[in-house]
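Read through the structure below, which is laid out as structure tokens, and then see the notes.
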Amino acid sequence: IKQPSPDGLAQAYILAEKFLNGSPSAMILGDNFFYGGGFKNMLGKAMQKNIGGTAFGYRVSDPKRYGVVNYDMHGKVQDIEEKPKHPKSDVAVTGLYFLDNTASEKAKRLKLSKRGEFEITSLLKLYLREGQLDVKRMGRGYAWLDTGTFESMIDAGNFVRTLQARQGLQVGCPEEIAFENKWISKGNLLAAGEKYGKNDYGKYLIKLAKNSGH
């Protein structure tokens, strides 16, 4: 599905209405990078929620660049502001959203913002007003990088390279994920490793297969 013009993230739910066909969905922005040991469990809980939506908050040093979560004195989410001049918190909404089957209908109720876009924060605020939005905080054990600039892309690359060099593990390896979830066999894993030849990625897959007990 191609967006005819850059009219905002929330428009995706309007364009994809027929594709979604009344189903809940997860949307992630292509320039976002997430890393964390408990991230899988956090995503699993968001997927299990049948009503409402889930967004993820992350503490940043420059909240003026993002949609910012406003909390009351008890830590309850009160509002989400898009690129505020005077942020009321340093918690930004990341580019990952789990929304129920009412997302398309809600998106069609939105009006264009001053920037001329259907803002994702406006859609999230509709869920918030109905008491159906959870904002899960990603703490110290997580990393979120918005790689929308050359500098941030380099930062993400260096981050991954350091982790892989230190741990000897691949970050975001599709074949490893598929194998651990038993979506592919040991033979499939070996074949993938051989396909990549003698580079480090291929060697990693072959080592995984040989060291596996299943």
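Among the residues of region 15-38, those that are under 20 Å from Asn50 (Cα atoms) and either among the small types (Gly, Ala, Ser) or in contact (Cβ under 8 Å) with a residue 60 or more places away in the chain (or both) comprise Ala16, Glu17, Leu20, Gly22, Ser23, Pro24, Ser25, Ala26, Met27, Ile28. For region 169-188, filtering for residues that are of a type in the set (A, V, I, L, M, F, W, C), assigned to a helix (DSSP H, G or I) and farther than 16 Å from Asn211 by Cβ leaves 2. Does Glu105 satisfy the criteria of being in contact (Cβ under 8 Å) with a residue 60 or more places away in the chain and of a type in the set (D, E, K, R)? No. Of the candidates Glu176, Glu130, Glu151, the single residue that is surrounded by 13 or more Cβ atoms within 10 Å (Cβ to Cβ) and over 30 Å from Tyr13 (Cα atoms) is Glu176.
Number of residues in region 1-21 that are open to solvent by 50 Å² or more (accessible area, probe 1.4 Å) and not in a loop (DSSP other than H, G, I, E, B) equals 5.
The set of residues from region 51-66 being in contact with a Lys or Arg (Cβ under 7 Å, 6 or more places away or on another chain) and closer than 21 Å to Phe39 by Cα comprises Thr54, Phe56, Gly57. Contact map, region 189-214: first residue part of a loop (DSSP other than H, G, I, E, B), second residue surrounded by 15 or more Cβ atoms within 10 Å (Cβ to Cβ), Cβ cut-off under 8 Å, separation 6 or more or different chains; pairs are Tyr196/Gly202; Tyr196/Leu205; Ser212/Phe179; Ser212/Leu189. In region 22-71, of all residues being more than 30 Å from Gln170 (Cβ to Cβ), of a type outside the set (D, E, K, R) and not in a loop (DSSP other than H, G, I, E, B), the one that is most open to solvent (accessible area, probe 1.4 Å) corresponds to Tyr71. Can you name the residue in region 118-144 that is in a loop (DSSP other than H, G, I, E, B) and of a type outside the set (D, E, K, R) and is also nearest to Gly52 (Cα to Cα) among such residues? Looking at the filtered set, the residue picked out is Gln132.
Among the residues making up region 91-117, those that are assigned to a loop (DSSP other than H, G, I, E, B), open to solvent by less than 50 Å² (accessible area, probe 1.4 Å) and not acidic (Asp, Glu) are Thr102, Leu110, Ser113, Gly116.
Is there a residue being free of Cβ contacts under 8 Å to residues at least 24 places away in the same chain, open to solvent by 50 Å² or more (accessible area, probe 1.4 Å) and touching an Asp or Glu at 6+ places or on another chain (Cβ under 9 Å) anywhere in region 82-90? Yes, the conditions are met somewhere in region 82-90. Within region 90-113, is even one residue polar (S, T, N, Q), closer than 24 Å to Thr147 by Cα and in contact with a strand residue (DSSP E or B) (Cβ under 8 Å, 6 or more places away or on another chain)? Yes, region 90-113 contains a residue that is polar (S, T, N, Q), closer than 24 Å to Thr147 by Cα and in contact with a strand residue (DSSP E or B) (Cβ under 8 Å, 6 or more places away or on another chain).
The values are calculated or read from the model by the stated rules, or taken from the named source; none is laboratory data. Note that the structure is a prediction, hence the values are computed from the model and not measured. Note: ideal-geometry Cβ built from the backbone for every residue, glycine included; neighbour counts use all protein chains shown. Surface accessibility is based on the protein's heavy atoms, side chains included, excluding ligands, DNA and RNA. Shrake-Rupley method; radii C 1.70, N 1.55, O 1.52, S 1.80 Å.
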